[in-house]
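Structure record follows, encoded as structure tokens.
The values are calculated or read from the model by the stated rules, or taken from the named source; none is laboratory data. Note that the structure is predicted; figures quoted are calculated from it, not measured. All Cβ positions, even for glycine, are placed from backbone atoms using ideal geometry, and neighbour counts span all protein chains on display.
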Amino acid sequence: MTEPWCKGISLQKEKKIKRALESTCELCREYTPLSLLELHGILPEPKVKNPHPKEREQNILVVCPPCHHLIHEEPVPVKKLKVLITRRLFTVRQEILRALGYVPKPYLPPDDIDLSHVVDDNLRSSS
Ligand SMILES: [Zn+2]
Ligand SMILES: [Zn+2]
């Protein structure tokens, strides 16, 4: 079942978000295969049909199936889930935002450029 906050997120974007978190559940911190990880939308529903990537990032949590079940069954307080989101590393947040279509800086290279090669070249030329 797709939760309101996760509507409009393609499978490809979903994978990028999970990869940004290194395929780890944000609640129990256990490594979980990408195909098993799930997205949980924290607030009941976004106010607008197509929420801004930044707002979306603040309301989506990547969890493993047992944790996702727990979140809905207990339920785990929203406050606790929000704390997990605020603890995301800056780089992780940027990656999630980019997966959601947000462009942090206008001069950032497009997604299809392999950044690892760029870094490699820089290292080589500076040595
Ligand atoms: Zn978990
Ligand atoms: Zn959920």
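For the stretch 41-57, state whether one or more residues are without any contact (Cβ under 8 Å) to a residue 40 or more places away in the chain and within 16 Å of ligand 2 (Cβ to nearest atom). Yes: the stretch 41-57 contains one or more residues that are without any contact (Cβ under 8 Å) to a residue 40 or more places away in the chain and within 16 Å of ligand 2 (Cβ to nearest atom). Looking across Glu38, Glu45, Glu55, one residue alone is near ligand 1 (Cβ under 10 Å from one of its atoms) and under 25 Å from Tyr102 (Cα atoms). It is Glu38.
A single member of Glu30, Glu38, Glu26 is over 20 Å from Pro77 (Cβ atoms) and modelled with pLDDT of 95 or more, and it is Glu30.
For the stretch 41-52, the set of residues classified as within 20 Å of Val76 (Cα to Cα) and in a loop (DSSP other than H, G, I, E, B) consists of Ile42, Leu43, Pro44, Glu45, Pro46, listed by residue number. Candidates are the residues of the stretch 10-35 that are in contact with a strand residue (DSSP E or B) (Cβ under 6 Å, 6 or more places away or on another chain) and among the aliphatic types (A, V, I, L, M); the one that is farthest from ligand 1 (Cβ to nearest atom) is Leu21. Tell me yes or no: at least one residue of the stretch 63-82 is among the hydrophobic types (A, V, I, L, M, F, W, C), touching a Lys or Arg at 6+ places or on another chain (Cβ under 9 Å) and at pLDDT 95 or above. No: the stretch 63-82 contains no residue that is among the hydrophobic types (A, V, I, L, M, F, W, C), touching a Lys or Arg at 6+ places or on another chain (Cβ under 9 Å) and at pLDDT 95 or above. The C-beta contact set for the stretch 64-79 (first residue closer than 13 Å to Cys25 by Cα, second residue charged (D, E, K, R) and away from ligand 2 (no atom under 11 Å from the Cβ), distance under 7 angstrom, 6+ apart or interchain) comprises Cys64/Glu30.
Going through (1) part of a loop (DSSP other than H, G, I, E, B); (2) of a type outside the set (Gly, Ala, Ser); (3) buried (at least 19 other Cβ atoms within 10 Å of the Cβ) one by one, Arg56 falls short only on (1). Based on this model, can you work out whether Leu70 counts as more than 16 Å from ligand 2 (Cβ to nearest atom), part of a helix (DSSP H, G or I) and among the aliphatic types (A, V, I, L, M)? Spelling it out, it is not the case that Leu70 is more than 16 Å from ligand 2 (Cβ to nearest atom), part of a helix (DSSP H, G or I) and among the aliphatic types (A, V, I, L, M).
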